1. Can you go through Val84, Val158 and tell me which one is open to solvent by less than 10 Å² (accessible area, probe 1.4 Å) and closer than 17 Å to Arg192 by Cβ?
2. Looking at the stretch 42-66, which of its residues are closer than 15 Å to Leu137 by Cβ and open to solvent by 30 Å² or more (accessible area, probe 1.4 Å)?
3. Are any of the residues in the stretch 177-186 touching a Ser or Thr at 6+ places or on another chain (Cβ under 6 Å), crowded, with 19+ Cβ neighbours inside 10 Å and within 21 Å of Leu43 (Cβ to Cβ)?
4. Based on what the data block shows, is Ala193 buried (at least 20 other Cβ atoms within 10 Å of the Cβ) and either modelled with pLDDT under 95 or within 30 Å of His166 (Cβ to Cβ) (or both)?
5. Anything in the stretch 292-349 that is touching a Leu at 6+ places or on another chain (Cβ under 9 Å) and assigned to a loop (DSSP other than H, G, I, E, B)? List them, or say none.
6. Quick check: is even one residue across the stretch 281-298 touching a helix residue (DSSP H, G or I) at 6+ places or on another chain (Cβ under 6 Å) and among the small types (Gly, Ala, Ser)?
7. Among the residues of the stretch 152-198, write down those that are part of a loop (DSSP other than H, G, I, E, B), out of contact with any strand residue (DSSP E or B) (no Cβ under 9 Å at 6 or more places or on another chain) and in contact (Cβ under 8 Å) with a residue 24 or more places away in the chain.
8. Quickly run through the stretch 205-220 and pick out the residues that are touching a residue at least 40 places away in the same chain (Cβ under 8 Å) and either touching a Ser or Thr at 6+ places or on another chain (Cβ under 9 Å) or aliphatic (A, V, I, L, M) (or both).
Amino acid sequence: MGVRAPARRALLCLAGVSMISAAIAQSAPVPVEIKGEAGHFRLFRGGEPYEVRGAGTQSVDDLDSLARHGANSVRNWAVGDGSVLDRAQELGLTVALCLDIERERHGFDYSDAAAVNEQFNRVRAEVLAHRHHPALLVWIIGNELNHDYRNPAVYDAVNDISKMIHELDPHHPTTTTTAGIDPSLARVIEARAPDLDFLSVQVYGGLVDLPEAWVNVRLEMPLMVTEWGTIGHWEVPRTTWGAPIEPTSTEKAHRFLEGYERVLAPMSGRLIGNYAFLWGQKQERTPTWYGVFTADGRRTEAADALQRVWTGRWPANRAPRLHDLLLDGKRATDDVRLAPGGSYVASVRAADPDRDALTYDWRVMRESDATQSGGDPEDIPEEYRLPNSDVRSAEISWRAPQEPGAYRLYVYVDDDQGGAAHANVPFLVVGT
């Protein structure tokens, strides 16, 4: 998945390295290495065992809250100007720094030697600029390059970049990330990119199957999970008109906890680290699907769950829990159909672990018509104003849009302590 520019992958613009960055670049790098053998690998940093407790983020501004919640590392999707390294160093975080490699599905031709060489030189300049930074943990060469790819030469390019990095920077391991993993892809990577130090996979609903899948691919190299979290929008049930049914924020928090406790923690030895997705917020099919924060910066139960995973402790004040959301007496799985301009009731059941007073914010947006994949940028759907309704209550009476089409009703539950819960119901306005 990941983050692309401008909404996602270009975490920072490539202009001008700051004076701070230039000063830190002169510092001695902290050596990172992987020790052990298949099934018993471990990451070491500065000669000491290093257990990655991290998440991916698309903004340097999110690093402060990431550190406060107990993480020790961050991954990104593009080098930018390097300020992510500077801020991470200030906060005691390390960085899995991603070199943004072109994707075949975006039109890049890995049979075009001139284009591949130009990309190689661009990446080489980025490596030279940041190889000595003390916050640097590992190099990620491209994100999900196997997504809709046909030309295996992409992994020849990955291998060439990995060899170049090892020549310029002997202190930091190299990897590439894949969307899932299967035996055929494993054989391509094994044959064409043997210079990589470890493989990174990105799984959502498929996380539960990762231990068996990793055994089946028969790769002897170390493994990292560089994206995991809620179930993906391509993995859930849909309405009859094709709208994916999104889990509530409470259901997502449960998936984070179960994914870590039942899969990631027991894979210690096979796994050398993991990064949850996403510390922040983004639009991907909905504005709420993947981020553990809302668009206005309120944290959800998923953020609380990650703090529990990273520190063993819950926050002093926890986000609200959302138990049920009904529209016209129906749930999201009930194929809700409404008449144009019809009057309907929506209600939500929520509770706060700290008994904080709750307020409610209801919104309607058109269903996203995005067809992008792999985390590519999407437009935010049009919002429809709720007329003549008290949108601050747990139950509202409102009128459906007049124009037929697919929509979603969203509710946000706020505890006035920086925490929020959310859920939505897709519905179809049908003409007479």
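The values are calculated or read from the model by the stated rules, or taken from the named source; none is laboratory data. Source: prediction; values computed, not measured. As a convention, Cβ positions derive from the backbone with ideal geometry for all residues, glycine included, and neighbour counts pool all protein chains shown. When the accessible area is computed, the model is the full protein with side chains, heavy atoms only, and any ligands, DNA or RNA have been set aside. Shrake-Rupley method; radii C 1.70, N 1.55, O 1.52, S 1.80 Å.
1. Values: Val84 fails: closer than 17 Å to Arg192 by Cβ.
Just one listed residue meets the conditions, Val158.
2. Of the stretch 42-66, the ones closer than 15 Å to Leu137 by Cβ are 42-57, 63, 66.
Listed by number, the residues that qualify are Arg42, Phe44, Arg45, Gly46, Gly47, Glu48, Pro49, Tyr50, Glu51, Arg53.
3. Within the stretch 177-186, the subset touching a Ser or Thr at 6+ places or on another chain (Cβ under 6 Å) is 177.
Now drop any that are not crowded, with 19+ Cβ neighbours inside 10 Å, which leaves 177.
This time we only want the ones that are within 21 Å of Leu43 (Cβ to Cβ), so: 177.
Looking for residues that are touching a Ser or Thr at 6+ places or on another chain (Cβ under 6 Å), crowded, with 19+ Cβ neighbours inside 10 Å and within 21 Å of Leu43 (Cβ to Cβ), one finds at least one in the stretch 177-186, hence yes.
4. Numbers: buried (at least 20 other Cβ atoms within 10 Å of the Cβ): yes; either modelled with pLDDT under 95 or within 30 Å of His166 (Cβ to Cβ) (or both): yes.
For Ala193, the condition - buried (at least 20 other Cβ atoms within 10 Å of the Cβ) and either modelled with pLDDT under 95 or within 30 Å of His166 (Cβ to Cβ) (or both) - is met.
5. Those that are touching a Leu at 6+ places or on another chain (Cβ under 9 Å) and assigned to a loop (DSSP other than H, G, I, E, B): Val292, Pro320, Asp328, Arg331, Asp335.
6. Pass one, the stretch 281-298, residues touching a helix residue (DSSP H, G or I) at 6+ places or on another chain (Cβ under 6 Å): 292.
Add one more test, that the residue is among the small types (Gly, Ala, Ser), and what stays is none.
So far as the stretch 281-298 goes, no, none of its residues is touching a helix residue (DSSP H, G or I) at 6+ places or on another chain (Cβ under 6 Å) and among the small types (Gly, Ala, Ser).
7. Listed by number, the residues that qualify are Pro152, Asp182, Pro194.
8. Let us first name the residues in the stretch 205-220 that are touching a residue at least 40 places away in the same chain (Cβ under 8 Å), namely 207-208, 210-211, 214, 220.
Answer for the stretch 205-220, where residues must be touching a residue at least 40 places away in the same chain (Cβ under 8 Å) and either touching a Ser or Thr at 6+ places or on another chain (Cβ under 9 Å) or aliphatic (A, V, I, L, M) (or both): Leu207, Val208, Leu210.
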